[in-house]
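What follows is one structure encoded as structure tokens, with my remarks underneath.
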Amino acid sequence: MKAADYIATFLENNGVTHVFELVGGMITFLLDSLHQHTSIKIVSMRHEQGAGFAAEGYGRMTGIPGVAMATSGPGATNLLTAIGSCYFDSTPAVFITGQVNRHEQKGERSIRQLGFQETDIVSMSRPITKAVWSVQDPEELPKRLAEAFALAVSGRPGPVLLDIPMDVQRAEVSDDFFDIKPVATGQPLELAGFAERLRQALQKAQRPLILAGGGVRLSHSAELLQKVAEHWGTPVVHSLMGVDILPASHPLRVGMIGSYGNRWANIAINESDMLIVLGSRLDIRQTGANVESFRGQRQIFHVDCEAGEMNNRVTQCDTLKCELSVFIEEMLTRSRFVYEAKAWRERLTMLQKAWPDTGEFRGLPGINPNMLMRELSAVSATAAAFVVDVGQHQMWAAQSLQLEPGQRFLTSGGMGAMGFALPASIGACLGADRRPVVMVAGDGGFQLNIQELQTIVGNGLPIKLVVMNNLCHGMVRQFQESYFKGRYQSTLWGYSAPNFAAVAGAYGIAAERVELPTEVPTALGRLWGNPSTPYLLEVMLDTRANAYPKMAFGRAISEMEPLATPMDMEGT
Ligand SMILES: Cc1ncc(C[n+]2csc(CCOP(=O)(O)OP(=O)(O)O)c2C)c(N)n1
């Protein structure tokens with residue numbers, strides 16, 4: 001059969017329901033085969049970066065690799081930011097780029113290019129993929145495809161790229177289909193010993209905490225995590241990538257830790273005497289720069305599917321390299337231990353009451369962004385996901401959205417790529433069988449992929465778009481306020497934003513702008529007036545609004561701005 005038909009059939013056989021792309025000569029065969037031979041929906045995006053982020057949103061929602069395709073040259077390079085985002089946030093994804101015919105490739109010649117739009121995407125994407133292959137031999141294709149899919153979902157998931165020359169796509173290949181076998185890791189030998197040490201330590205601990213990171217979702221273990229927390233009676237804090245592991249109403253959910261964590265959750269870390277870290281790499285955004293203080297004297301148990309992510313910045317942890325689902329199942333079979341001392345839980349409740357997230361916004365007029373997030377989640381119970389961009393609004397959302405059971409929170413964590421949310425919300429919505437999703441972006445980031453509004457309209461997607469408009473690149477402006485004596489080059493100076501409600505109108509999306517707190521409830525009512533259509537709500541904020549609390553750089557995790565001042569300038 002023709003190689004392009006093989007690829008299309010393979011994707012369909014493996015559960016792929018949508019492919020995201022922007023057309024170009026080098027992928028026309030692939031698109032034609034998808035159209036002719038499968039029921040896969042081809043989603044034509046307006047920028048390859050949008051296609052990449054949409055695939056990321058789809059991959060995270062479904063656990064099936066998100067698939068994005070692009071033509072050679074600029075199409076392929078436009079995918080790179082999204083590939084990096086999938087890599088750092090461990091999203092299963094398969095990227096397919098078309099390449100010029102084999103006889104048009106420059107090979108070893110010392111020239112820059114032979115074929116038109118010939119570009120070495122293989123070398124460029126190597127450091128940000130789990131694997132990348134240039135398929136030069138058509139007979140190699142079936143094996144490579146199967147490997148790509150298996151690798152994307154195995155162990156720590158991530159992106160794989162296949163670069164396929166145009167003439168290879170047209171060549172004949174055998175029609176044997178390989179079985180996809182995700183590489184199973186099984187039970188590590190040390191599991192029983194580690195589990196027993198942990199159980200005994202937990203029995204002695206006075207103030208234990210579970211720290212749940214993005215790895216919990218990636219290993220499809222959110223429900224298991226909830227079970228084991230209940231089994232032990234242990235409160236749970238989470239990282240930015242772990243916002244959606246427990247629903248907001250769960251009595252053991254404490255809050256988010258880290259640079260912009262909930263103040264009470266960071267204090268809880270500081271006071272804890274035992275930490276069980278599950279699927280979090282304890283990066284600087286979680287621990288702060290003062291690693292010694294984060295480490296303290298407390299006992300730390302750390303479980304992750306990658307050994308290199310443990311005893312890395314935070315050392316002297318008791319570690320286990322293991323799939324989280326395997327580890328948690330093991331813990332659940334061990335004798336039940338319900339944490340008895342109520343004092344710690346009462347203390348945590350007291351801290352949360354003492355430091356409400358909505359009380360961090362002080363002294364400025366207008367809409368309180370943390371309050372807005374609470375109100376937004378209250379009206380968005382039917383949303384499948386909140387898809388959030390990068391900046392201050394991301395932190396307000398992570399601090400204050402109150403998620404319902406099963407609701408997802410997707411954001412670009414490790415890459416921190418502005419422009420993620422709008423296209424990723426498209427992939428998330430389609431991955432959730434077209435259930436509505438809520439997108440939250442700042443006025444800066446929204447402009448990076450604003451063209452995808454047309455993809456929303458063209459596909460009739462029920463995406464509720466919330467643009468938090470502070471008329472500046474807020475997060476960097478806040479940084480300049482701290483370290484540049486308020487010289488706001490390129491965040492305020494030289495920057496501007498359009499009237500987003502008017503822009504949405506041009507795309508045919510109903511929209512409105514709110515400026516006063518009193519206008520918010522009715523506007524949120526209209527946002528959801530028709531649950532099955534898109535709507536854009538532009539929320540005007542005071543330009544001076546800061547994302548607080550913010551860890552005071554260099555100090556202990558519990559010392560947060562504006563009540564504490566940084567010791568040094570942060571590097572990230
Ligand atoms: C692609 C990309 N470019 C630049 C940055 C650096 N950056 C991080 S946050 C930010 C400002 C974001 O502004 P906006 O989207 O308006 O959100 P706000 O912080 O105001 O909520 C910038 C420029 C980035 N993270 N990603």
Output the relative contact order of the chain, whole-number percent, from Cα pairs under 8 angstrom with separation of 6+ residues. 13 percent
Within the range 478-536, which chymotrypsin sites (Phe, Trp or Tyr not before Pro) sit in a loop by DSSP and count at most 15 neighbouring Cβ atoms inside 10 Å? Phe484
Place +1 on the Cβ of every Lys and Arg and -1 on the Cβ of every Asp and Glu in the chain, take the dipole about the Cα centre, and give the residue among Gly308, Phe194, Gly50 whose Cα lies farthest towards its positive end. Phe194
Once amide H atoms are built 1.01 Å from N in the peptide plane, which residues 5 or more positions from Met551, or in another chain, come under 5 Å H to H? Tyr260, Gly261, Glu561
So, over other residues within a Cβ distance under 13 Å of Thr565, counting Lys, Arg +1 and Asp, Glu -1, the net charge is -3
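First obtain the Kirkwood hydrodynamic radius of the range 358-551 from its Cα pairs, then insert it into the Stokes-Einstein equation at 25 °C and 0.890 mPa s, and state the resulting D in µm² per second as a whole number.
Taking Rh from Cα pairs, D becomes 148 µm²/s.
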Taking the Cβ of each residue in His231, His393 as the centre, tally the other Cβ atoms inside 10 Å and list the residues starting with the fewest. His231, His393
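Counting other beta carbons within 10 Å of each residue's own, what order do Ser490, Ser272 fall into, fewest first?
Lowest to highest Cβ neighbour count: Ser490, Ser272.
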Among Met415, Met567, which comes first, then next, by fewest other beta-carbon atoms within 10 Å? Met567, Met415
I'd like the antiparallel share, as a percent to the nearest 5, of DSSP beta bridges with both residues in the chain. 5 percent
Please state, rounded to one decimal and in Å, the Kirkwood hydrodynamic radius that the chain gives when every pair of distinct Cα atoms enters the mean of 1/r. 24.6 Å
From the phi angles alone, apply the Karplus equation (6.51, -1.76, 1.60; θ = phi - 60°) to the range 254-268 and give each ³J(HN,Hα) in whole Hz, x where the residue is Gly or Pro. 9, x, 8, 9, x, 3, 10, x, 5, 4, 5, 6, 5, 5, 4
Looking at the range 441-572 from every direction and averaging, what is the projected area of its Cα convex hull in nm²? 9.7 nm²
Cα centroids of the range 287-355 and the range 15-94: how far apart, whole angstrom? 37 Å
Counting Lys +1, Arg +1, Asp -1, Glu -1, what net charge surrounds Leu161 among other residues with beta carbon under 10 Å of its beta carbon? +1
Which value, in nm² and rounded to one decimal, describes the direction-averaged projected area of the C-alpha convex hull of the range 395-439? 3.6 nm²
Semi-axis lengths (Å, descending) of the ellipsoid that matches the C-alpha gyration tensor of the range 3-170: 22, 18, 15
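Every read-out reported here was derived from the displayed coordinates using simple, explicitly stated rules and does not represent laboratory data. Note that the coordinates shown come from a computational prediction; the quantities given were computed from them, not determined experimentally. Positions of Cβ are backbone-derived with ideal geometry, glycine not excepted, and every protein chain shown enters the neighbour counts.
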